[in-house]
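The next block holds one structure in the form of structure tokens; read it before the comments.
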Amino acid sequence: MATPAAEEIKNPHVEPLTQRNAWKALQAHSEKIRDLHLRTLFADDPKRGERMTLEAAGLFLDYSKNRITDETLRLLVELAQESGLKQRIEAMYRGDKINITEKRAVLHIALRAPKGASILVDGENVVPQVHEVLDKMTAFANRIRSGQWTGHSGKPIKNVVNIGIGGSDLGPVMAYEALRHFSDRDMTFRFVSNVDGTDFAEAVHDLDAEETLFIVSSKTFTTLETMTNAHTARTWLLEKIGGHQSSVAKHFVAVSTNAAEVSKFGIDTANMFGFWDWVGGRYSMDSAIGLSTMLAIGPENFQKMLEGFHEIDEHFRTAPFERNLPALLGLLTVWYINFFDAHTVAILPYDQYLKRFPAYLQQLTMESNGKHVTLDGNRVNYATCPIYWGEPGTNGQHSFYQLIHQGTRLIPCDFITFYRTVNNLGRHHDMLIANVFAQTEALAFGKTPEQVKAEGTPDWLVPHRVFEGNRPSNTILADELTPKMLGKLVALYEHSVFTQGTIWQVNSFDQWGVELGKALAQRIIPELESKTEPELKHDSSTNNLIRRYRKSKG
Ligand code: F6P
């Protein structure tokens with residue numbers, strides 16, 4: 001069946017993935033180099049560690065510890081070309097409706113476009129709207145941060161609680177944690193996402209309602225968790241401050257694309273910060289969804305973050321693929337997923353401030369590319385998105401690294417760290433960095449039985465102490481974790497996801513997979529709450545679980 005998509009998105013005709021010449025060549029090539037060890041690759045090319053690196057926009061990528069040769073890279077770049085990556089990038093930047101299942105443009109790059117740029121959606125330049133919202137956010141942030149905006153009793157706002165989930169939560173939390181050093185330490189920031197009441201209860205238990213501002217962040221303003229938490233917050237506030245309905249306006253603002261629902265909730269749309277349907281939730285941390293970030297770090301720092309994003313946007317758009325950081329990262333992921341049967345990718349930031357970065361990337365990557373049909377609706381006959389996971393180093397070293405070093409799974413790892421830290425305590429930073437370098441070295445080169453024996457290990461123990469090595473990793477180094485740097489890092493992964501989605505020919509911008517569970521929950525809620533015994537029409541397991549829960553409620 002012909003899709004309306006092909007025409008609409010001006011997608012270049014591409015062969016199905018497994019029929020592309022580069023794919024076939026990569027398959028043959030992967031057979032040849034499958035058993036090649038990184039020890040050999042490094043021994044054969046003493047300059048490999050300097051050669052297979054790439055520096056752009058202040059990020060340095062060492063990809064030499066990957067199981068690749070120059071030929072691999074050449075073929076991966078060829079695959080990108082045959083997959084129409086260049087044309088897809090142009091289509092995205094041009095504002096074509098590449099999110100074909102929702103008939104939407106995909107323009108997170110417009111969120112950080114400088115004033116004066118022009119990006120058209122349906123013939124209208126959206127950049128001025130973006131800056132209008134940024135200006136409104138700036139004015140609001142200045143009023144809050146200076147104490148000019150006061151709560152209903154005249155006290156300045158000291159606490160900000162962002163209520164949102166998914167893309168309306170993970171970006172704001174991650175950015176707040178990442179940029180804590182740049183935040184106003186006189187203010188308290190909390191993030192409520194889970195429909196589990198514990199999340200809200202713990203977030204507010206020590207807050208003075210009179211000094212608290214709630215930001216209800218929801219693109220749709222219909223999400224069950226967010227709306228439930230928002231209503232609970234309103235009740236909490238009114239109870240604490242004495243039930244003045246009119247005071248809601250002083251303590252609630254909204255970030256949404258849905259003005260009608262915002263106003264229905266009782267928030268004055270003058271206190272609403274908008275964004276647009278061409279911003280996907282998981283690509284929205286630099287839109288008004290970043291209001292809590294701006295309140296924490298200030299408008300100037302927020303602007304620097306946007307500049308960081310934009311620098312990588314420009315790099316991704318213009319650099320040849322072999323010198324293109326996001327493209328290269330994306331292609332290397334494809335290499336392991338499709339030709340080495342890897343199932344997961346570990347994100348290992350060696351910077352405590354990035355502790356929520358892996359969680360943030362989980363939504364970005366897996367909600368984007370966790371798809372099993374191509375743009376034209378055919379089931380893929382190859383693997384798509386890996387499972388992304390991770391924890392900051394060095395903590396992970398003392399838990400799951402065992403499996404990465406000696407388990408039976410191949411797990412490509414991204415190590416991310418910075419030359420400088422703002423918390424320069426004694427020898428901590430040298431130790432931290434030494435661990436990054438040690439881990440990537442150990443993963444790549446391991447320890448042979450001969451080396452283990454030479455240490456005097458008894459024969460029976462040798463197999464247990466051998467490290468096979470040949471475990472691939474990328475190392476990403478940068479100066480220092482600043483707002484600008486955070487923007488660069490996020491954009492790096494956004495575009496790596498885009499590259500992967502293009503190769504796999506999936507729609508990286510919808511998320512129909514989350515719908516069924518939501519709909520079923522809506523059906524089950526009244527069944528749990530019904531005063532009379534409901535007639536259950538689920539399967540026997542679900543029926544039984546519902547009955548048990550109802551019984552426990554008495
Ligand atoms: O359920 C998934 C999802 O739609 C995400 O894509 C989104 O980021 C999240 O829910 C929150 O949606 P909203 O911002 O509309 O509340």
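Here are some notes:
- Condition met for Ala91 (closer than 22 Å to Ala491 by Cα and away from the ligand (no atom under 16 Å from the Cβ)): yes
- Helices (runs of 4 or more DSSP H) wholly inside the stretch 124-225 that include at least 1 residues being at pLDDT below 95: none
- Residues within the stretch 442-482 that are part of a helix (DSSP H, G or I), under 21 Å from Asp44 (Cα atoms) and without any contact (Cβ under 8 Å) to a residue 24 or more places away in the chain, tallied: 2
- Flag for Ala233 being in a strand (DSSP E or B), more than 10 Å from the ligand (Cβ to nearest atom) and either modelled with pLDDT of 95 or more or among the small types (Gly, Ala, Ser) (or both): no
- Count of the stretch 190-202 residues which are buried (at least 21 other Cβ atoms within 10 Å of the Cβ) and not β-branched (Val, Ile, Thr): 4
- Cβ-Cβ under 8 Å pairs, at least 6 apart or on other chains, the stretch 515-538 side farther than 21 Å from Ser552 by Cβ, far side β-branched (Val, Ile, Thr) and surrounded by fewer than 11 Cβ atoms within 10 Å (Cβ to Cβ): none
- Within the stretch 87-102, residues that are over 19 Å from Glu124 (Cβ atoms) have Cβ atoms under 7 Å from residues that are small (Gly, Ala, Ser) in these pairs: Ile100/Ala5, counting only partners at least 6 apart in sequence or on another chain.
- Assessment of the stretch 184-191 against the conditions (within 16 Å of the ligand (Cβ to nearest atom) and in contact with a Pro (Cβ under 7 Å, 6 or more places away or on another chain)) yields at least one matching residue.
- Some residue of the stretch 346-364 being away from the ligand (no atom under 16 Å from the Cβ), in a strand (DSSP E or B), closer than 29 Å to Met431 by Cα and of a type in the set (S, T, N, Q): no
- Close contacts from the stretch 294-319, counting a first residue that is closer than 13 Å to Met137 by Cβ and a second that is surrounded by 24 or more Cβ atoms within 10 Å (Cβ to Cβ) and acidic (Asp, Glu), with Cβ to Cβ under 7 Å and a gap of 6+ residues or different chains, come to Met305/Asp286; Leu306/Asp286.
- Odd one out for Val506, checked against (1) farther than 30 Å from Asp96 by Cβ; (2) within 16 Å of the ligand (Cβ to nearest atom): (1)
- First in the stretch 217-233 and of a type in the set (Phe, Trp, Tyr), second anywhere and within 11 Å of the ligand (Cβ to nearest atom), Cβ under 6 Å, 6 or more apart: Phe221/Ser256; Phe221/Asn258; Phe221/Glu261
- Taking the numbered list (1) surrounded by fewer than 24 Cβ atoms within 10 Å (Cβ to Cβ); (2) within 20 Å of the chain's Cα centre (by Cα); (3) polar (S, T, N, Q); (4) more than 29 Å from Tyr176 (Cβ to Cβ) in turn, Asn324 passes all entries but (1).
- The stretch 234-262, residues that are touching a strand residue (DSSP E or B) at 6+ places or on another chain (Cβ under 8 Å) and either of a type in the set (Ser, Thr, Tyr) or without any contact (Cβ under 8 Å) to a residue 24 or more places away in the chain (or both): Ser256, Thr257, Ala259
- With respect to the conditions (1) closer than 16 Å to Val216 by Cβ; (2) of a type in the set (Phe, Trp, Tyr); (3) away from the ligand (no atom under 16 Å from the Cβ), Phe273 lacks only one, and its number is (3).
The values are calculated or read from the model by the stated rules, or taken from the named source; none is laboratory data. If you're wondering where the values come from, they're calculated on a predicted model, not measured in any experiment. Every residue, glycine among them, receives a Cβ derived from its backbone with ideal geometry; neighbour counts consider all protein chains shown.
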